[in-house]
Structures are given as C-alpha cells and as structure tokens.
1. For segment 25-86, which strands (runs of 3 or more DSSP E) that fit wholly inside it have 1 or more residues that are in contact with a Lys or Arg (Cβ under 7 Å, 6 or more places away or on another chain) and surrounded by fewer than 19 Cβ atoms within 10 Å (Cβ to Cβ)?
2. If Thr110 satisfies every condition in (1) in contact (Cβ under 8 Å) with a residue 40 or more places away in the chain; (2) touching a Cys at 6+ places or on another chain (Cβ under 8 Å) but one, which is the exception?
3. Tally the residues that are open to solvent by less than 40 Å² (accessible area, probe 1.4 Å) and within 25 Å of Asn18 (Cβ to Cβ), restricting the search to segment 457-484.
4. Filter segment 269-298 for residues that are in contact with a strand residue (DSSP E or B) (Cβ under 8 Å, 6 or more places away or on another chain), open to solvent by 20 Å² or more (accessible area, probe 1.4 Å) and modelled with pLDDT of 85 or more and give the result.
5. Return yes when Lys450 is open to solvent by 60 Å² or more (accessible area, probe 1.4 Å), outside any loop (DSSP other than H, G, I, E, B) and modelled with pLDDT of 85 or more and no when it is not.
6. Restricting the search to segment 148-194, which residues are β-branched (Val, Ile, Thr), without any contact (Cβ under 8 Å) to a residue 40 or more places away in the chain and within 21 Å of Thr282 (Cβ to Cβ)?
7. Looking at Ile317, is it of a type in the set (Val, Ile, Thr), modelled with pLDDT under 95, surrounded by 23 or more Cβ atoms within 10 Å (Cβ to Cβ) and over 30 Å from Gly420 (Cα atoms)?
8. From the list Val159, Val168, pick out the single residue that is farther than 30 Å from Pro48 by Cβ, crowded, with 20+ Cβ neighbours inside 10 Å and either at pLDDT below 90 or touching a His at 6+ places or on another chain (Cβ under 8 Å) (or both).
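The values are calculated or read from the model by the stated rules, or taken from the named source; none is laboratory data. Bear in mind the structure is a predicted one, so any value in this text is a computation, not a measurement. All Cβ positions, glycine included, derive from the backbone under ideal geometry; neighbour counts span all protein chains shown. Quick note on the areas: whole protein, heavy atoms, side chains included, nothing else; ligands and nucleic acids left out. Shrake-Rupley method; radii C 1.70, N 1.55, O 1.52, S 1.80 Å.
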Amino acid sequence: MTEFLDLETQDAIRMPWNVLPGTKSDAAQSAVPISAVYTPLKPLPYLPIVPYPPLRCRTCRSVLSPFAVVDFSTKVWICPFCLHRNHFPPHYHSISDQHVPAELHQAYTTIEYESPSEKSVVPPVYMFVLDTSVIEEELGFLKSAVSRAVGLLPENSLVGLITFGTYVCVHELGFGHIPRVYVFKGSKEVSKDQVLEQMGFLNRRPKPSVGVIAGVRDGLSQESISRRRGDAVAVIGIEELPDSRGQATTAEGSYKNTVLEELQKDPWPVAHDQRASRCTGTAISVAAHLLGVCVPGSGARIMAFVGGPSTEGPGSIVSKNLSEPIRSHKDLDKDSAPYYHKAVKFYEGLSKQLIHQGHVLDIFACALDQMFRAVKVGVAELKVAVERSGGLVVLAESFGHSVFKDSLKLIFQSGGNDLGLSSNGIFEVTCSKDIKIQGIIGPCASLEKKGPLCSETVIGQGNTTAWKMCGLDKSTSLCLIFEVTRKDTPDALGQLENNQFYFHYQHSSGQMRLRATTFSRRWVAGPGI
C-alpha cells in the first residue's frame, strides 16, 4: 500500500489497478475499467521546474523522459513510445551517464517546463456580472461581498463590471470623476459586432472583412483596447488615478467608491402580477464578447451573481407572468419545460465561445426562495457552459448567507502572491501501442484531435487525445479510461507499458508552462486483477 501512495505522491496519478491485464479478453473480465485519475496541478514535493522548452520526439512528439533509452556516446535517445531514434540538440553536448539533465533523472517522472519566451502579456482578468433585479437588502449584501473580493485580488489583476436587470450595463472604470455606462437591450441577443460598434472599438476604422476580430492586428485601435481594459478591466493597484488634490488613488479605491457603492436596484417598475425583468443570458453573452475582444486567449473569469430566474432575452427559463409556474425537476424529467431546450442551446453556443477564447464562467446563484433554488435560478440550463469551461457553481439562500460569503472568500484565498487559479490549459495524452483512450471524464472540452490512439468505444469525451481546460485549480482532477488492445499474451510478462500526459497551461503568475508526466505499469497474465 505504501508503494502505491508513493507513486501517487510522485506523479499525482491514482489507478484502480497498478498492473495491466495481458490481453483484451482479460481486460474485458475486469469489473473495474483500466483507468487513471490525474490531478494536473497537484502540488508535488519534488517537482522540478526547468527554464527551457521540452525536447520532443520528432515522430510522435512525446517528451524526453527517464524511460527513454539513451546512448551517451552518440548523443542519441530512443523514444519509448514509437521507438524512433532522436539526436540530442547541440546544447546537450555535455550530458553523460554521470551528468544527466533533469528530464532524464529517474525520480523526475513529472517535470515542468517554463519557457521565458512564453510569458503572458495580459494579467488575470475578473469580470463581475451583477444582478440588480434583487431587493435592496440583497443588493447591499452583494455589493459588500464583491467589494471584499476585489480587495483579495493580486495587485496586477484586471477587473470589469457589468450589471443587468431589464438592460445590460457595461461600466467603464477608467474615468475617476465621470462614470460612463454602455447600455444594451436585454430582450435581444447581442452579437460581437454590436458590442464592437456600440462601444467604439473600431474607432472609425473599417471592420476587417474576414477573420476573428480580436486585438490591434484586426483593426482595433490600441487606444480603444486600453480604454476598454478600463471598462472590461480597470487595473487594480498598478495604474493609479489622480484625484482632485493631485494625489494618487488606486484603481481599487476608485472602483469601490465611485461605481460599486453607487449601484442601485434596477429602476424599471415591476407590476404586482409580474416577475422582475432579468436578462441573465444577454449579460453573460456581452461579458464573453467583451473579453473575447480585449483579452482573447488570456486567463479570464466571468463571475456571474444571479438572484433569480432569467425572464428576459436569450437563456430565459420562464415568462414574466407570475401565473405561469417555473419548471420543476419533474418537468425537466418529463421533458415538459417549454423554455429548457432553447435556453440550453443558447448556453451550448456560449460554452463553445468561452472554450475558444479560453475563458471561464462561474455562477453564484442566491435566491430567497428556499425550495428548488437551483431550478428557480436556472442552473440546470447554465451548467453546460459552467462545466465545459471549468467554472464553479455556488448555491445559497441569500447573498448575505455565510455559505455564499465563505465560498467567495475561499475562491480568492491565496497562499502567496497569486490565487492558485490557472487557466487556458491543453491536456494531451500519448500511450504505448497496445493501449488506446476511450475517453475522459472531468471539467474539460474535446479539441477533436483524432488519431490511432482513439478507441472506437467512447466513454465521456472521447474520439480525441487532446482536451481544453479553460479554468482549474490545484485540486481539479480528470479521469481517463483506457482500452487494452493486445490480443496475445505478451512475450515477457512483467514488462513495462508507458503512458505520458502533457498539460500546457497558463500559470496563475501569467507564465505559460508545460507539465509532463510519464508513468508505466506492468503487464500480468490472465484476469487476475
């Protein structure tokens, strides 16, 4: 048992079986599938971080590992997966059996590569999307909680603010004395082109005829991008705004005092027989478009705070008429919820956009109704976008409840100078020739990278060897299910079978890193597992 725990401590991998059945028929008799639970960012006691890019096989692109066969005299290494012979580059000329690089050290089966040339340009971004259709007391609780959360952010963070009710309001935080708000109609779906036009991103420049518009290279002016990083994202603690006395006040203080504390409840009247107008889907969509324009491919989180069901625009789950009941769990089971499928289709499209951009959606659902609060807020429809982007869901009775306040605080707690939240991860798997991948279960999305390693039997998200993970932390885990394809008993029982995991991600410090884990297990004869 101690040996298995040591293996998990070394590589952050837990397997139900630590030996492999010798043939496909033997594997079929096993009640528990051949699988592995991998925690990509689990803190390891002896994890080496090297300041150079990995050395890859020219054929299968696997990373050099301790399982490679090395000829130090000719400076050649043989890939343990495809058996291709690779020459070491010139800067490895001094290696020998007494002087090996970290990636060949037997104890370093998991290693991280930190390339200095892959630093992120934009710091982490947090877009707060606040529901103002709640009662005054709840709005006060919410403003107080968000204010505390902003104070816990690292100094280099960027913050944005969107509020919604009947309309969606994007607050520009770059002006300390004159607040500016861009308003979008909540009853209609807002496209990225409409966001570009209404917020003046193109700055009188012609819109590019083809391609995705994101950044200066696509026709956007640097001034508009920088300023919208003041609406999407005002720098906290870095960019200082002068006050009327010529002194400097941080953007954090400006954010709290001039915008957040002055937020008011949605001013549009609500009839006694009507529900409040709440355009949750439109607000989240505008946030996704805005981040897609300002910070594409960089770590960003949309943190939506919702206090009731969506009744307006795309993603709505019920009408505003109180005589129409909100769908229940039984309605969902019987497929008799009239708004459900349309809302799910909308959020599925939104999830694809978030995955493409590398951004995360978190939902904080707090409703005063103590029964079915998840259903009455619309988490059943929203969960597809949250799960695929690697986001979080927090449910509570009120924004003043300790469950909500403590959960929000835990998200932003830090052991050092960062939050420990990583983003923009790409997870890839390479296996030996007698192992195939049936699929993966966890907070990720398929990148549809098909190949000979993909099994015809699909479990979870299969038919690929690569997945996107927009957001994750140190406890995020993935479960991979494998298939044994060997038909005959191996010639030499007890020989090793290798697998390798690669995880390329944006560290919470903004640095791009690659963590490579290579592990092996032995074949055994018969179904004796």
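1. Ranges flagged: 35-38, 76-78.
2. If we test Thr110 against (1) in contact (Cβ under 8 Å) with a residue 40 or more places away in the chain; (2) touching a Cys at 6+ places or on another chain (Cβ under 8 Å), just (2) comes out false.
3. Residues in segment 457-484 being open to solvent by less than 40 Å² (accessible area, probe 1.4 Å) and within 25 Å of Asn18 (Cβ to Cβ): 11 in total.
4. Asp273, Gln274, Arg275
5. Values: open to solvent by 60 Å² or more (accessible area, probe 1.4 Å): yes; outside any loop (DSSP other than H, G, I, E, B): no; modelled with pLDDT of 85 or more: yes.
Considered against the rule, which asks whether it is open to solvent by 60 Å² or more (accessible area, probe 1.4 Å), outside any loop (DSSP other than H, G, I, E, B) and modelled with pLDDT of 85 or more, Lys450 comes out as no.
6. Scanning segment 148-194 gives Val181, Val183.
7. Criteria met by Ile317.
8. Val159
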